[in-house]
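What follows is one structure encoded as structure tokens, with my remarks underneath.
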Amino acid sequence: MSKLRLRPMVYLLLLNVIGFSLLFLFKQPWDVNILYAGLMVCAINVGVYCLMYFLDLGDVYLFLMVSILVSLGIIMLVRLDVTFGYSQVIWFCAGIIVFFVGYMALRLFKWWDRLSVVYMVLSVLMFVATLVLGTSSGGARNWIMIGGRGVQPSEFIKIAYAFTLACFFSGKETRFPRWEEKVWGIAVRDIVLAGFVYLCLGFLVLQREWGTAVLFFLMYFTMLILYDAQAKLLILNGTLAIVGALGGYFLTPHIKVRVSTWLDPWADAGNRGFQITQSLFAITSGGPFGTGLGNGNPYFIPEVHSDFIFAAICEEMGVFIGIAIILIYFIFSYRGFKIALGARNEFLRALTFALTISFAFQTFIIVGGVIKLIPLTGITLPFVSYGGSSMVSCFLMLGILTAVSFLEGKRG
């Protein structure tokens, strides 16, 4: 293995050794399980990287960037609550298994572009199951309890949704001749896709998953732009988005509170604005280099292990580390778009675009909310926030992207 290939993994191992060693010394009494968790994370990172590199399984840099994000997330979770940290290590292991399952499934099965109806039906069924069987958390009805553990179906619907978009935008959905006919100058196929998109948005509104609804719409609208959709289609969807946003603001008290809190969180800093003000306090108190691992006060922030883990990282590891995390997501998105642009298969190109757009906008939505750039919505920071559903679904998406990089000959 050349020095160029070895160096990133050495830096990653150094990050984990320093992080978990500091946590071991910080937690009193000393807990050797922290070191075991660190060894497991290091072993997984090194093992998977070597496997991918020597077997030439695809773009190894995608996995390297994700390894950094996962490592930082687990280090911070162990610092916040050892139980959360241990659970996240287990979900990391499950994510790696799903990563290889998704990778092999995309490589071996060749008819993914013929299953658009299956993706749409599965999405609707999962939405209905969530509404009927789901439980509420944080005001949103988006969890289903399976075997005593909560599963968030929207994380997996997002993947089926991306596959549906890929089928339609790649032009593979042509089995129904009448879909090429036009109504008011718009192809029936485009109307069918729009109907499915807005059906998904309707379900998400019923579940009060506002952040995921914004993400779904942005994925669809960005794909319209990338695939040079008709101007009237862009104008129509843009108008519907504006009408939906205004209607949500004036008709839904929850959204109105979120917007007013975003505009002036200090007006009610002890109640409605408590989360965002504490997040801003944490980020600013950390300064460029942070207070040091274990020396901050992240517990003042509600839901710090999930929605606000970025603020906790900035407080104790520094704003520079926060900026580095954002840059990693930028580079990850760049490599995803590079893979898509180099793909010869139209379906795989559209699928890669959809998944990369999902990662990029999800990161923007949650980080933007945490730093008060946009109104706050409750979605996770990919690969970093605590949560099994998020971790497993993100690794499934990563496996698909890596498989596309292999199939299209785009090794880093």
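The values are calculated or read from the model by the stated rules, or taken from the named source; none is laboratory data. Source: prediction; values computed, not measured. With ideal geometry, Cβ positions are generated from the backbone for all residues, glycine too; neighbour counts draw on all protein chains shown. To get the accessible areas, we keep the full protein, side chains included, count just its heavy atoms, and leave off ligands, DNA and RNA. Shrake-Rupley method; radii C 1.70, N 1.55, O 1.52, S 1.80 Å.
Nearest 500 deg cm²/dmol is fine: what mean residue ellipticity at 222 nm does the chain get from its DSSP H runs of n ≥ 4 alone, each adding -39,500 (n - 2.57), divided by its residue count? Spell out each step's value before the answer.
Working: 15 runs with 290 residues, N = 412.
Per the formula, -24000 deg cm²/dmol.
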Given the whole protein assembly as supplied and a 1.4 Å probe, what does the accessible area of F364 come to in Å², nearest 10?
90 Å²
In what sequence, largest accessible area first, do Y103, Y61 appear using a 1.4 Å probe?
Y61, Y103
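By average Cβ neighbour count within 10 Å, what is the ranking of 44-56, 274-286 from highest down? Each step should come with its number before you reach the end.
Working: 44-56: 15.5, 274-286: 20.2.
With the highest mean Cβ count within 10 Å placed first, the list reads 274-286, 44-56.
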Averaged per residue, the 1.4 Å probe accessible area of the chain, protein heavy atoms only, in Å², is roughly 44 Å²
Give me the distance in nm between label points sitting 7 Å out from Cα along the Cα-to-Cβ direction at C93 and L25, one decimal.
2.9 nm
Per principal axis, largest first, the Cα atoms of the range 59-132 extend in Å by 45, 39, 15
Compute from the Cα atoms of the range 180-232 the Rg and the Dmax, the latter being the longest Cα-Cα distance, and quote both in angstrom.
12.4, 36
Take peptides 395-407, 230-242 and line them up by average Cβ neighbours within 10 Å, highest first, as a rough protection proxy.
395-407, 230-242
Per principal axis, descending, Cα span of the range 1-102 in whole Å
44, 30, 17
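Working with all protein chains in place, sort M391, M317 by solvent-accessible area computed with a 1.4 Å probe, largest first.
Working: M391 5, M317 35 Å².
Largest accessible area first, the residues go M317, M391.
Which value, in Å to one decimal place, does the Kirkwood hydrodynamic radius take for the range 39-85 when every pair of different Cα atoms is included? Show your work: numbers first, answer last.
On the way: mean 1/r = 0.0874 Å⁻¹.
By the Kirkwood definition, the hydrodynamic radius is 11.4 Å.
With the full set of protein chains in place, find how many percent of the accessible area of the chain is carbon and sulfur; take the probe as 1.4 Å. Each step should come with its number before you reach the end.
Numbers: 12870 of 18210 Å².
It is 71 percent, rounded to a whole number.
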For K372 the rounded accessible area (nearest 10 Å², probe 1.4 Å, non-protein molecules ignored) is 60 Å²
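Which longest uninterrupted range of the chain lacks any GluC sites (Glu not before Pro) assigned by DSSP to a loop state (not H, G, I, E or B) and surrounded by at most 16 other Cβ atoms within 10 Å?
On the way: sites that count: E181, E303.
Formally, the longest exposed-site-free interval is 1-180.
Largest first, how would W210, W30, W111 line up by accessible area (1.4 Å probe)? Write out the running numbers ahead of the final one.
Working: W210 50, W30 155, W111 115 Å².
Highest to lowest solvent-accessible surface, that is W30, W111, W210.
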Alpha-carbon centroid distance for the pair the range 242-282 / the range 324-389, whole angstrom
24 Å
Three-way shape label, the chain, alpha-carbon gyration tensor, a/c 1.5
oblate
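What are the membrane-span-like helices in the chain by this rule: whole DSSP H runs, Cα extent along the axis at least 20 Å, mean Kyte-Doolittle hydropathy at least -0.5?
Details: long enough: 3-26 (34 Å, 1.54); 32-54 (33 Å, 1.77); 60-80 (30 Å, 2.47); 82-108 (39 Å, 1.59); 116-133 (25 Å, 2.51); 153-169 (24 Å, 1.18); 188-207 (29 Å, 1.83); 210-226 (24 Å, 1.99); 231-251 (29 Å, 1.58); 319-342 (34 Å, 1.88); 346-370 (36 Å, 1.50); 388-407 (28 Å, 1.85).
Qualifying helices: 3-26, 32-54, 60-80, 82-108, 116-133, 153-169, 188-207, 210-226, 231-251, 319-342, 346-370, 388-407.
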Potential extension, Y61-M40 segment - 0.36 nm per residue separation minus Cα distance
5.5 nm
Rounded accessible area of L131 (nearest 10 Å², 1.4 Å probe)
50 Å²
What are the extents of the Cα atoms of the range 289-412 along their three principal axes, in Å, largest first?
50, 26, 26
